[in-house]
Amino acid sequence: MQDRIDGESLNMARLEERYREEIMPALMEEFSITNRMAAPVIRKVVVSMGVGRATEERKRLEDAQRDIAIVTGQKSMLTRAKKSVSNFKLRQGMEIGCKVTLRDARMYEFLDRLMNVAMPRIRDFRGVAGNFDNAGNFNIGVRDISIFPEIDLDSLQFQQGLNVTLVTKNSDPEKSRRMLALMGMPFRRES
């Protein structure tokens, strides 16, 4: 299936196409939803990276920005401290991390790579825990960014983790968990 934007043809992401053709109808049937607009859907994915040593070494923040841009395919935005914390030698307004907000095709491409390429590379991986909030949003913490094949291990100077937040619409924790399970999210088995 192809969409057209300003004369350019864009291929729909594989996961997005699967969501529209298989997953959404299954969710609508399972939860007795009659209107397609009321079906749960992922609105955006926020990938963020807090760099604790950024106050001491500017290079770490620059490396984090480079790595998050490589993984997501989009330039990152710097995040600043909201409060001053003397124990951490942190002043309000200091640059302490970076984040990227993904939407549409890039979002689905990133999720597809995260679930099918990066997560299986984690050593002793037993699945992700279900960290849902009341609105059905889902958070995943990744301890090491080197699980993504795009990252060149030779150029990686610091072990750095990242946080992935999936922001949903028209959902609650139960619907979000079911939607992500149908998409292929490897949840931890509860015993």
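The values are calculated or read from the model by the stated rules, or taken from the named source; none is laboratory data. Remember, predicted model here, so these are calculated numbers, not experimental data. Virtual Cβ from ideal backbone geometry, glycine too; neighbours counted across all protein chains shown.
Entry remark, region 58-105: residues being surrounded by fewer than 17 Cβ atoms within 10 Å (Cβ to Cβ), closer than 25 Å to V41 by Cα and among the charged types (D, E, K, R) number 3 in total.
Can you tell me which residue within region 108-144, out of those that are aromatic (F, W, Y) and more than 23 Å from L61 (Cα to Cα), is surrounded by the fewest Cβ atoms within 10 Å (Cβ to Cβ)? Taking the candidates together, the pick is F125. Pairing residues of region 77-105 that are in contact (Cβ under 8 Å) with a residue 24 or more places away in the chain with residues that are of a type in the set (A, V, I, L, M) and loosely packed, with under 13 Cβ neighbours inside 10 Å, at Cβ distances under 9 Å and at least 6 apart in sequence or on separate chains, gives A105/L10.
Consider region 145-169. How many of its residues are touching a helix residue (DSSP H, G or I) at 6+ places or on another chain (Cβ under 8 Å) and surrounded by fewer than 17 Cβ atoms within 10 Å (Cβ to Cβ)? Of the residues in region 145-169, 8 are touching a helix residue (DSSP H, G or I) at 6+ places or on another chain (Cβ under 8 Å) and surrounded by fewer than 17 Cβ atoms within 10 Å (Cβ to Cβ).
No other residue among D3, D63, D67 is at pLDDT below 90, in a strand (DSSP E or B) and of a type in the set (D, E) apart from D3.
Pairs meeting the criteria (first residue in region 16-34 and more than 16 Å from P173 (Cα to Cα), second residue in a helix (DSSP H, G or I) and hydroxyl-bearing (S, T, Y), beta carbons under 8 Å, at least 6 apart or on different chains) are E16/Y108; Y19/Y108. Total residues in region 74-87 satisfying the condition of being closer than 15 Å to L61 by Cβ and either outside any strand (DSSP E or B) or of a type in the set (S, T, Y) (or both): the figure is 4. Of the residues that sit in region 128-148 and are in contact with a strand residue (DSSP E or B) (Cβ under 7 Å, 6 or more places away or on another chain) and not hydrophobic (A, V, I, L, M, F, W, C), which one is nearest to A69 (Cα to Cα)? By that ranking, first place goes to G141.
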